[in-house]
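Only one structure is covered here, and it is reproduced in the block below.
The values are calculated or read from the model by the stated rules, or taken from the named source; none is laboratory data. Computed from a predicted structure; not experimentally measured. Please note: Cβ atoms are built from the backbone with ideal geometry, for glycine as well, and neighbour counts cover all protein chains shown.
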Ligand SMILES: Cc1cc2nc3c(=O)[nH]c(=O)nc-3n(C[C@H](O)[C@H](O)[C@H](O)COP(=O)(O)OP(=O)(O)OC[C@H]3O[C@@H](n4cnc5c(N)ncnc54)[C@H](O)[C@@H]3O)c2cc1C
Ligand SMILES: Nc1ncnc2c1ncn2[C@@H]1O[C@H](COP(=O)(O)O)[C@@H](O)[C@H]1O
């Protein structure tokens, strides 16, 4: 089986976000970048599915700056076999243009299964996976929390508000991975050493027009400082009175 | 004339809460853009649900039921919805930012060749064009985007846009059983309700969330659940307690959990880590109960009680019951 996983380099969850000089993107100075947390689930699931089907190949793909080689290398250290780096230029691209670039790159890996993270925690779109699927004419399911590959069929569970759905999709298909699917492994020393020797293939991005543009980026208004209404159970009546009469929340 | 499609999520013939918010915003933007609004419902029960859109002032709707959408696959839904958008010449397509939309938004973007904006918190019309504001970096920044394609597609965060109900209009519903579907598609085998019909986190007007300060899963259940019941609230949790296996994944609030914006959010025994704040800081009123007066949660809380959850929560629950007569 050939499994292709799309991964993205994003600011860490603890990064302080400042607006850059262009007023449209962030100032990256001093920001720590990591593998998108949801993509860890995707890489882990690819490795588990591959382990069940001997001879499988897991390829990780990113479309990102040169520095994203670090995240690809990290995935190779987890156990991925191959890596493809589509090198990004500075041009801003909307989600659809990114998906077009990725779809072209993924097609060259002729996958049976394509895995994405639920969403990239920078743009918080949660769209690219389904876009790629639609561009490639593959069936897809987002927010997968359980997966079994059974011959040519993917049986997947999806978590939605107040319910679990069970779906069947013919392979090749695209799935986006959510928390609960698995516990991602940490690379071990052997994996890290092996990853150092692997070659990361590179490709230039396919041309794709952007339709949706960012006009501005701002920091949200700080919440006004709140008040400590008191200590212990004695503060309960004051709290309720404030919630009712001041906040009109009860 | 410009046309706004308001895709109104429904379940078994009943509109979801967010559907009223989407329909109401569509009606508001229609005024600003000089457009007409067409409501769209899809799946089993679509026709019955569509009729109820008159309540929000939508007078015309298409109900997509049976035919290819009977597979309940995202592929079939997206194809059917995109066909309506094309046929009606939609210039704007709106839907609620729920799981339903997560399965459709990107697909609609490809089928209508326009990059959508997910999880928007405000729309504005200027010079006949729409712009959208949306949180990025887990709400640490806000982006304003302009749509350049022929169609502006946006999903709207639940609980943010006001639902203007009670319009009492009558809605003319056209039922369609879509005939042309996608070549390759999946199939929904079943949908099993979990959580026994409890209030869904992202829809809740009030949330009582607990963290590691609750100490054990038993204390969590004993102290958090009764308060939530008394307030008619949903239960939320920090990642620390979800990872510890005390609570299901679906209850996690935060950057890698659910983003919520209720009217009232109680954070009990939660420290207020940046990733937790990311998921709840746009709540209207935040109450924190924590025994450490230096806990970061107090920096975002409107009201705080410094105290032990064991002592405070039972008294609070009793007092709330008294207040509400429950
Ligand atoms: C990539 C990544 C993603 C993450 N995503 C999320 C996310 O989505 N959501 C999330 O919540 N976290 C997330 N986290 C984890 C986050 O960093 C914190 O570890 C987590 O939120 C802490 O949970 P907590 O507040 O319950 O526990 P703690 O930080 O341990 O806080 C417990 C609090 O309880 C108080 N307390 C203790 N005993 C009592 C008592 N008897 N009465 C009253 N108060 C008491 C303490 O003073 C303390 O403030 C993420 C972390 C990473 C690295
Ligand atoms: N530039 C990129 N390169 C590789 N994968 C990406 C890229 N952008 C997004 N993805 C994948 O698409 C998923 C959803 O991203 P998004 O739609 O941006 O929230 C991510 O979790 C990744 O798996």
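Looking across A:82, A:66, A:28, A:45, one residue alone is within 23 Å of residue A:190 (Cβ to Cβ), more than 17 Å from the chain's Cα centre (by Cα) and surrounded by fewer than 24 Cβ atoms within 10 Å (Cβ to Cβ). It is A:82. Taking the criterion of being surrounded by fewer than 22 Cβ atoms within 10 Å (Cβ to Cβ), away from ligand 2 (no atom under 13 Å from the Cβ) and under 22 Å from residue A:10 (Cβ atoms), would at least one residue in the range A:105-121 satisfy it? The answer is no; no qualifying residue exists. Is one or more of the residues making up the range B:75-88 within 14 Å of chain A (Cβ to nearest Cβ), over 22 Å from residue A:167 (Cα atoms), touching a residue at least 40 places away in the same chain (Cβ under 8 Å) and under 21 Å from the mean Cα position of the chain (by Cα)? No. If you go through the range A:195-233 one residue at a time, how many are facing another protein chain (nearest Cβ under 9 Å) and either touching a strand residue (DSSP E or B) at 6+ places or on another chain (Cβ under 9 Å) or surrounded by 14 or more Cβ atoms within 10 Å (Cβ to Cβ) (or both)? Looking only at that region, the number is 20.
Taken across the range A:62-73, residues that are closer than 26 Å to residue A:151 by Cα, assigned by TED's automatic domain parsing to the domain that holds residue A:168 and touching a residue at least 12 places away in the same chain (Cβ under 8 Å) do not occur at all.
Take the conditions in contact (Cβ under 8 Å) with a residue 24 or more places away in the chain, surrounded by 18 or more Cβ atoms within 10 Å (Cβ to Cβ), more than 7 Å from chain A (Cβ to nearest Cβ) and over 16 Å from residue B:250 (Cα atoms) and apply them to residue B:201. Does it pass? Spelling it out, it is not the case that residue B:201 is in contact (Cβ under 8 Å) with a residue 24 or more places away in the chain, surrounded by 18 or more Cβ atoms within 10 Å (Cβ to Cβ), more than 7 Å from chain A (Cβ to nearest Cβ) and over 16 Å from residue B:250 (Cα atoms). Scanning the range B:260-283 for residues that are at the interface with chain A (Cβ under 9 Å from one of its Cβ atoms) and within 9 Å of ligand 1 (Cβ to nearest atom) yields B:273, B:274, B:275, B:278. Of the strands (runs of 3 or more DSSP E) entirely within the range A:13-87, none holds at least 3 residues that are on the phi > 0 side of the Ramachandran plot. Listed by first and then second residue, the pairs with beta-carbon distance under 7 Å, at least 6 apart or on different chains, first residue in the range A:207-223 and over 24 Å from residue B:129 (Cα atoms), second assigned to a loop (DSSP other than H, G, I, E, B), are A:223/B:281. Checking A:92, A:111 one by one, the residue that is modelled with pLDDT under 95, more than 16 Å from ligand 1 (Cβ to nearest atom) and assigned to a loop (DSSP other than H, G, I, E, B) is A:92 and no other.
May I ask you to verify whether residue B:211 is within 13 Å of ligand 1 (Cβ to nearest atom) and within 13 Å of another protein chain (Cβ to nearest Cβ)? No, not satisfied. Filtering the range A:160-173 for residues that are facing another protein chain (nearest Cβ under 9 Å) and within 16 Å of ligand 2 (Cβ to nearest atom) leaves a non-empty set. At least 1 residues being free of Cβ contacts under 8 Å to residues at least 60 places away in the same chain and either in contact with a strand residue (DSSP E or B) (Cβ under 9 Å, 6 or more places away or on another chain) or more than 9 Å from chain A (Cβ to nearest Cβ) (or both) is the threshold, and among the strands (runs of 3 or more DSSP E) wholly inside the range B:91-153 those reaching it are B:117-120, B:122-126, B:129-136, B:141-147.
Scanning the range B:292-307 for residues that are near ligand 1 (Cβ under 8 Å from one of its atoms) and either facing chain A (nearest Cβ under 7 Å) or under 26 Å from the mean Cα position of the chain (by Cα) (or both) yields a count of 2.
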